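These notes are about the structure you will find just below.
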Amino acid sequence: MALQILEKNGTFELCGNLNTKTSRSFIIHFEYLINTLKDVTINIDKIKAIDINGVEALKTLIAISLKNNCILSIIGKGCKDIYAHNSKTFAA
């Protein structure tokens with residue numbers, strides 16, 4: 001399944017899969033928004049699956065937003081894969 005990005009009341013809702021096939025266009029789209037807006041909110045509740053490239057794409061957006069003084073908020077629970085990848089990434 002492809003990744004859909006829907007905007008509802010200023011929040012960008014992700015629907016589908018954030019993976020190797022979709023992460024590049026995801027970064028390009030949100031990099032433009034981060035450079036244009038001062039505040040970007042992404043809702044990940046409807047993410048069906050995410051792989052390590054999807055997690056890295058989210059980290060890339062966080063770095064881009066910090067560099068551009070943009071407030072980036074990632075809200076929602078997303079799918080369980082996000083937590084599996086992050087527990088491996090952030091383990092001390």
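Any read-out appearing in this document is the output of simple, stated calculations on the displayed coordinates, not a laboratory observation. Note that the coordinates shown come from a computational prediction; the quantities given were computed from them, not determined experimentally. Heads up, the Cβs are rebuilt from the backbone with ideal geometry, glycines too, and the neighbour counts pull from every protein chain shown.
Quick notes on this one:
- Pick from the range 31-54, criterion touching a strand residue (DSSP E or B) at 6+ places or on another chain (Cβ under 6 Å) and polar (S, T, N, Q), ranking: surrounded by the most Cβ atoms within 10 Å (Cβ to Cβ): ASN43
- Screening the range 14-30 for residues that are surrounded by fewer than 21 Cβ atoms within 10 Å (Cβ to Cβ) and assigned to a helix (DSSP H, G or I) and picking the one that is nearest to the chain's Cα centre (by Cα) gives ILE27.
- ALA57 falls short on exactly one of the conditions (1) outside any helix (DSSP H, G or I); (2) surrounded by 20 or more Cβ atoms within 10 Å (Cβ to Cβ), and that condition is (1).
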